[in-house]
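Let me begin by presenting the structure, written as structure tokens, before commenting on it.
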Amino acid sequence: MTVSSAPGKVYLFGEHAVVYGEPAVPCAIERRARVTVEERTDSKLRVHAEDLSIDGFTVEYGGDADGRPDVDVAESLVDAAMGYVEAAVDQARDAASRPDAGFDITVESDIPLGAGLGSSAAVTVAGIDAGTRELGVELPAEEVADRAFRAEYEVQEGQASRADTFCSAMGGAVRVEGDDCRSIDAPDLPFVIGFDGGAGDTGKLVAGVRDLREEYGFAADTVEAIGDVVRRGEAVLMDAAEDPDGEHVAELGDLMDFNHGLLEALGVSSRSLDAMVWAARDAGAHGGKLTGAGGGGCIVALDETEESETALEFTPGCEEAFRAELATEGVRVESS
Ligand code: PMV
């Protein structure tokens, strides 16, 4: 039996614009998905999933994993959770050249589903790591990241950047621009997260930005302006890593505010996301923005004090508020 875990992430800067070749800077956070994998003596797949959004349920597949699982929950939830697990299993089988390997799998996650915190990437990354190790193969984190990207790309029908999967596999702060992915230095930023209990439809939101960008030159300029914010932001982040006590965290907050405004102009914020961003700002946060695809889900703010978290707890529309540390470690084996 092998257990691997991988962290979720927040976008410090650059979601949506990253789809059009601009850089983005996601940061891994200490909220993890754990995947337990045990090889079976047959080639069947049995998956038990538990997380914040889904009550525990179990799916059993016959010899051919294509058959519809027999399970008593909404089909969309099964598809959402199972698509990533199946794609991760395919990658593990491929990496170990064991196309017929069968597994019992348990997924546990502290990361809200579809809320901009990279839950699917974390499950995919941890699943590939645990699956390959269970078959006696140890992949470097970069290869886990690459295989996880291919798995997400397939499940999301081409609507995936490398940002989530690379960040989850490597941990820390990363910079992603097209296929170029690298780790960058970052201090432990005072992240505060607000969650509205909902989720956005990533495909729809990405398509909405694409349409706006095609229709209006100023929308294309807005996407480019996000790229400029990211380039400035990554320089400030590096300064902050060298001099954590300086004014850099305050400037990062200002840039997050700017980034949020541009995302709002592109139509991907929502009333609850804006309310949470403003609650954090009013409470004295350095800045705040939505994280991920938007439409609903999470915001991230920077605040060393308790003020933003407390304000978020009393904000109508905010279901949960919590602090999150930068996860310096990416994918890791928990036991084998
Ligand atoms: O909501 P998430 O964590 O899946 O992030 C989506 C980020 C986008 O830039 C909108 C799309 C992508 O694949 O990069």
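Full extension from residue 50 to residue 323: what is 0.36 nm times the residue separation minus their Cα-Cα distance, to one decimal in nm?
So the extension gain works out to 96.1 nm.
Would you please classify the overall shape of the stretch 125-247 from the alpha carbon gyration tensor, given that a ≥ b ≥ c denote the square roots of the eigenvalues, rounded means a/c under 1.5, and beyond that prolate means a/b larger than b/c while oblate covers the rest?
oblate
Can you bin the stretch 191-324 into rounded, prolate or oblate? Criterion: square roots of the alpha carbon gyration tensor eigenvalues sorted a ≥ b ≥ c, rounded for a/c under 1.5, prolate for a/b above b/c, oblate for the rest.
Because a/c hits 1.5 or more and a/b fails to exceed b/c, the stretch 191-324 counts as oblate.
Can you give me the relative contact order of the stretch 251-320 as a percent, contacts being Cα pairs under 8 Å and 6 or more apart?
Contact order relative to length: 33 percent.
If r is the Cβ-Cβ distance from residue 137 to residue 232 and R0 is 35 Å, what FRET efficiency results, to the nearest 0.05?
0.25
Report the extension gain between residue 38 and residue 220 in nm, rounded to one decimal, defined as 0.36 nm multiplied by the number of residues separating them, less their alpha carbon distance.
Gain on stretching residue 38 to residue 220: 60.7 nm.
Aspartates and glutamates within cross-link reach of residue 9: Cα-Cα under 16 Å, excluding same-chain residues under 8 positions apart?
30, 110, 152, 164, 185, 188, 325, 329
Build a GNM of the chain with springs between Cα atoms under 10 Å: which of 90, 282, 180 gets the top mean-square fluctuation?
Answer for the Gaussian network model of the chain: 180.
Roughly to the nearest percent, how much of the accessible area of the stretch 191-324 is carbon and sulfur, given a 1.4 Å probe?
49
Largest first, what is the accessible-area ranking of 179, 245 with a 1.4 Å probe?
Of 179, 245, the descending order of accessible area is 245, 179.
Once the piece of chain linking residue 210 and residue 247 is laid out straight, how much longer is it, given 0.36 nm per residue of separation minus the C-alpha distance between them?
So the extension gain works out to 9.7 nm.
Positive end of the dipole of the stretch 191-324, charges at C-beta (+1 Lys, Arg; -1 Asp, Glu), about the Cα centre: which of 256, 223, 311 has its Cα farthest in that direction?
223
For the stretch 279-307 and the stretch 177-251, what is the centre-to-centre distance using only Cα atoms, to the nearest Å?
The stretch 279-307 and the stretch 177-251 have Cα centres separated by 13 Å.
Setting aside same-chain residues fewer than 8 positions from residue 289, which aspartates and glutamates have a Cα under 15 Å from its Cα?
List returned: 15, 196, 251, 254, 257, 264, 274, 303, 309.
Roughly how tilted is helix 75-95, in degrees to the nearest 10 and between 0 and 90, from the longest Cα axis of the chain?
Tilt of helix 75-95: around 70 degrees.
Over the stretch 212-261, what is the relative contact order in whole percent, taking alpha-carbon pairs under 8 Å and six or more residues apart?
Rounded, it is 29 percent for the stretch 212-261.
For the chain, what does -39500 (n - 2.57) per DSSP helix run (n ≥ 4), summed and divided by total residues, give at 222 nm, in deg cm²/dmol to the nearest 500?
-13500 deg cm²/dmol
So for the chain, averaging the separation of alpha carbon pairs under 8 Å that are six or more residues apart and normalising by length, what relative contact order in percent results?
25
Of the chymotrypsin sites (Phe, Trp or Tyr not before Pro) in the stretch 256-336, which ones lie in a loop per DSSP and count no more than 16 other C-beta atoms within 10 Å?
Listed in order of number, the matching sites are 314.
Does the stretch 104-195 come out rounded, prolate or oblate, given a ≥ b ≥ c as the square roots of the eigenvalues of its C-alpha gyration tensor, rounded meaning a/c under 1.5 and, failing that, prolate meaning a/b above b/c?
Rounded, because the longest to shortest axis ratio a/c is under 1.5.
Hey, what do the phi angles of the stretch 13-26 turn into as Karplus ³J(HN,Hα) couplings, whole Hz, using 6.51/-1.76/1.60 and θ = phi - 60°, x for Gly and Pro?
For the stretch 13-26, the Karplus curve yields 8, x, 4, 6, 4, 4, 5, 9, x, 7, x, 9, 10, x Hz.
The values are calculated or read from the model by the stated rules, or taken from the named source; none is laboratory data. Predicted model only: the values in this text are computed from it and were never measured. Please note: Cβ atoms are built from the backbone with ideal geometry, for glycine as well, and neighbour counts cover all protein chains shown. Heavy atoms of the whole protein, side chains included, go into the accessibility calculation; ligands, DNA and RNA do not. Shrake-Rupley method; radii C 1.70, N 1.55, O 1.52, S 1.80 Å.
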